[in-house]
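Novice: After the structure tokens below, expect a handful of questions from me.
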Amino acid sequence: MRSPLRAVVFLVSSIVLLPVAARAQANPDWHRAIPGFKIAGNLYYVGTADLAAYLIATPQGHILINGNFKEDVPAIRKSIEGLGFKYADTKILLISHAHGDHDEGIGLIKSDTGARLMVMDADVAAVESTAPGRPGAKVDRVLHDRDTVELGGSTLTARLTPGHTPGCTTWMMQVAESGRTLNAVIVGSPNVNAGYVLVNNRSYPQIASDYVKTFALLKTTPVDLFLGAHGAYFNLKDKLPRMGDAVNPFIDPAGYRAYVAEREHAFEKELAKQAAEARTGDAVGFDIEWNHVALSVPNIAESIAWYEKMLGFKGTVRPGQPGARQQVADLRRGNITIELFQVTDAAPLPESRKNPSEDFRTHGVKHFGFEVKNLPAVLAELKAKGVKMAFDLRVTPTEDFAFISDNAGNAIELIEHKTQ
Ligand SMILES: [Zn+2]
Ligand SMILES: [Zn+2]
């Protein structure tokens, strides 16, 4: 039992932990091992209490869907062996989608067993990525919508159900059970995570229409066995104790339809909310887009050198006017422009403005921010180059952020929004 004081200490200390580790603690059921069990026919559950993993056992070896987090791999192995199968007989590895709770352990299982890894086209790059928290596993076969995966008389069909990730995959198969053929559906994920941008998403422009396609497919799919990437999708907790019942509790077409309808409603509500937010600008008779930010600096050449080295900008000094008391330069990277001014006799930046927390006590523009992926790795690279930190890494449930100082003392925020 945790005392209230311990809980406060835990909360505070979790804020200073590295984000990758902090995120993995989010749900206690994620890493709680449960014994493997037979769902129906040759389809078995070998995941944890919430992170679902499935074994399709055949005379020619096994197909495993999901590797969960790396730390969950021993539990998966134990479940497979507890059912009387050999972990080493795993021949094919599949995933629900390229998020760490389903694929981080894939590289480890692949090197343990030599299984072939097959991943939906749009999630391949994320699975092969070697960034922290990514499996960095080589994909042996790239899958496309409706491709089949066959082994020892069992056939799985990969259905692209994008949105949650661009290559999110719902696995479908027919399972023979006491003279019946059951349609098993393993839902990839219909969820819109906190922080997901559905309107004007630059890195995933078709995200909203992808979700629409996914719900259209899920609604028209024939289902007997309702399964998914998380036990919570299909209410594993309540169904597990009913395994001995005369009717297999996982045969639940009504539960499936209710779940898909509820998730579609949640998606539509979030989409409407974001669309309304995007429309608030319509009250003004013109559009605006971000253009640039301007900085007054003591030395343009030094600032250009700093922004080129630290943040990968390219600096160009504008041709000067004869007798001008100022020099102007542009820093550009992608669609971001920073304008630099070096003005003769400019006043230096006061010391109080160099510390973000203190700087908030002065009115005016405080800092500008860049979204990054994998903030700890970005900070490690910047620190290796000698960057001055203005405010060290802060971890929150929705985003992680830190402030660096440029060579003239201006605060720059680096921010990473989280996904699961
Ligand atoms: Zn997940
Ligand atoms: Zn996910």
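Novice: I'd like to verify a number: residues in region 302-361 that are under 34 Å from the mean Cα position of the chain (by Cα), assigned to a loop (DSSP other than H, G, I, E, B) and over 12 Å from Asp406 (Cβ atoms), how many?
Specialist: 5
Novice: Name every residue in region 400-420 that is in contact with a strand residue (DSSP E or B) (Cβ under 7 Å, 6 or more places away or on another chain) and over 16 Å from Leu349 (Cα atoms), in order of residue number.
Specialist: Across region 400-420, the qualifying residues are Asp400, Phe401, Ala402, Phe403, Glu413, Leu414, Ile415, Glu416, His417, Lys418.
Novice: What number goes with the only condition from (1) over 17 Å from Leu236 (Cα atoms); (2) within 16 Å of ligand 2 (Cβ to nearest atom); (3) in contact with a helix residue (DSSP H, G or I) (Cβ under 8 Å, 6 or more places away or on another chain) that Asn68 does not pass?
Specialist: For Asn68, the exception is condition (1).
Novice: A further question follows. Kindly check whether there is at least one residue in region 25-38 that is assigned to a loop (DSSP other than H, G, I, E, B), modelled with pLDDT of 95 or more and over 22 Å from Leu108 (Cα atoms). Give the derivation first.
Specialist: Going residue by residue through region 25-38, those that are assigned to a loop (DSSP other than H, G, I, E, B) are 25-27, 32, 34-36.
Narrowing further to those that are modelled with pLDDT of 95 or more: 32, 34-36.
Right, trim to over 22 Å from Leu108 (Cα atoms) and you get none.
Among the residues of region 25-38, not one is assigned to a loop (DSSP other than H, G, I, E, B), modelled with pLDDT of 95 or more and over 22 Å from Leu108 (Cα atoms), which makes the answer no.
Novice: Answer yes if at least one residue in region 284-293 is over 30 Å from Phe313 (Cβ atoms) and crowded, with 18+ Cβ neighbours inside 10 Å, and no otherwise. Spell out how you get there, then give the answer.
Specialist: If we filter region 284-293 for residues that are over 30 Å from Phe313 (Cβ atoms), which is where we start, we get 284-285.
Right, trim to crowded, with 18+ Cβ neighbours inside 10 Å and you get none.
Looking for residues that are over 30 Å from Phe313 (Cβ atoms) and crowded, with 18+ Cβ neighbours inside 10 Å, one finds none in region 284-293, hence no.
Novice: Could I ask something else about it? Filter region 190-206 down to the residues that are within 16 Å of ligand 1 (Cβ to nearest atom) and either open to solvent by less than 20 Å² (accessible area, probe 1.4 Å) or aromatic (Phe, Trp, Tyr) (or both), then identify the one that is farthest from Trp30 (Cα to Cα). Break it down into steps so the answer makes sense when it comes.
Specialist: If we filter region 190-206 for residues that are within 16 Å of ligand 1 (Cβ to nearest atom), which is where we start, we get 190-196.
The next check asks that each one be either open to solvent by less than 20 Å² (accessible area, probe 1.4 Å) or aromatic (Phe, Trp, Tyr) (or both); those that pass are 190, 196.
On the way: Pro190: 19, Tyr196: 22 Å.
Filtering region 190-206 for residues that are within 16 Å of ligand 1 (Cβ to nearest atom) and either open to solvent by less than 20 Å² (accessible area, probe 1.4 Å) or aromatic (Phe, Trp, Tyr) (or both), the one farthest from Trp30 (Cα to Cα) comes out as Tyr196.
Novice: Taking region 207-232 as the search range and keeping residues that are open to solvent by 20 Å² or more (accessible area, probe 1.4 Å) and within 16 Å of ligand 2 (Cβ to nearest atom), which one is farthest from Asp123 (Cα to Cα)?
Specialist: For region 207-232, the residue satisfying everything is Ala232.
Novice: Also, quick follow-up: On the phi > 0 side of the Ramachandran plot, more than 16 Å from ligand 1 (Cβ to nearest atom) and under 19 Å from the mean Cα position of the chain (by Cα): does that describe Gly136? Let's see the steps before the verdict.
Specialist: On the way: on the phi > 0 side of the Ramachandran plot: yes; more than 16 Å from ligand 1 (Cβ to nearest atom): yes; under 19 Å from the mean Cα position of the chain (by Cα): yes.
For Gly136, the condition - on the phi > 0 side of the Ramachandran plot, more than 16 Å from ligand 1 (Cβ to nearest atom) and under 19 Å from the mean Cα position of the chain (by Cα) - is met.
Novice: Mind listing just one residue for me: the one in region 370-419 that is buried (at least 16 other Cβ atoms within 10 Å of the Cβ) and within 16 Å of ligand 2 (Cβ to nearest atom) and, of those, farthest from Asp101 (Cα to Cα)? Give the steps one after another, and end with the answer.
Specialist: Within region 370-419, the subset buried (at least 16 other Cβ atoms within 10 Å of the Cβ) is 372, 374-376, 378-379, 382, 387, 390-391, 393, 395, 399-414, 416-418.
The next check asks that each one be within 16 Å of ligand 2 (Cβ to nearest atom); those that pass are 417-418.
On the way: His417: 17, Lys418: 13 Å.
Top of the filtered list is His417.
Novice: Among the residues in region 150-170, are any open to solvent by 30 Å² or more (accessible area, probe 1.4 Å), without any contact (Cβ under 8 Å) to a residue 60 or more places away in the chain, within 16 Å of ligand 1 (Cβ to nearest atom) and not small (Gly, Ala, Ser)?
Specialist: Yes; the residues of region 150-170 include at least one that is open to solvent by 30 Å² or more (accessible area, probe 1.4 Å), without any contact (Cβ under 8 Å) to a residue 60 or more places away in the chain, within 16 Å of ligand 1 (Cβ to nearest atom) and not small (Gly, Ala, Ser).
Conditions tested, residue by residue: (1) modelled with pLDDT of 95 or more; (2) touching an Asp or Glu at 6+ places or on another chain (Cβ under 9 Å); (3) open to solvent by 70 Å² or more (accessible area, probe 1.4 Å).
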{"position": "Ser13", "(1), (2), (3)": "no, no, no"}
{"position": "Val46", "(1), (2), (3)": "yes, no, no"}
{"position": "Ala49", "(1), (2), (3)": "yes, yes, no"}
{"position": "Leu64", "(1), (2), (3)": "yes, no, no"}
{"position": "Arg77", "(1), (2), (3)": "yes, yes, yes"}
{"position": "Asp89", "(1), (2), (3)": "yes, no, no"}
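Novice: Also, quick follow-up: Looking at (1) surrounded by 15 or more Cβ atoms within 10 Å (Cβ to Cβ); (2) more than 16 Å from ligand 2 (Cβ to nearest atom); (3) of a type in the set (A, V, I, L, M), which is the only condition Val187 fails?
Specialist: With (1) surrounded by 15 or more Cβ atoms within 10 Å (Cβ to Cβ); (2) more than 16 Å from ligand 2 (Cβ to nearest atom); (3) of a type in the set (A, V, I, L, M) applied to Val187, the lone miss is (2).
The values are calculated or read from the model by the stated rules, or taken from the named source; none is laboratory data. Computed from a predicted structure; not experimentally measured. Glycine also receives a Cβ, built like all others from the backbone with ideal geometry; neighbour counts cover every protein chain displayed. Keep in mind that these areas ignore ligands, DNA and RNA; they rest on the heavy atoms of the full protein, side chains included. Shrake-Rupley method; radii C 1.70, N 1.55, O 1.52, S 1.80 Å.
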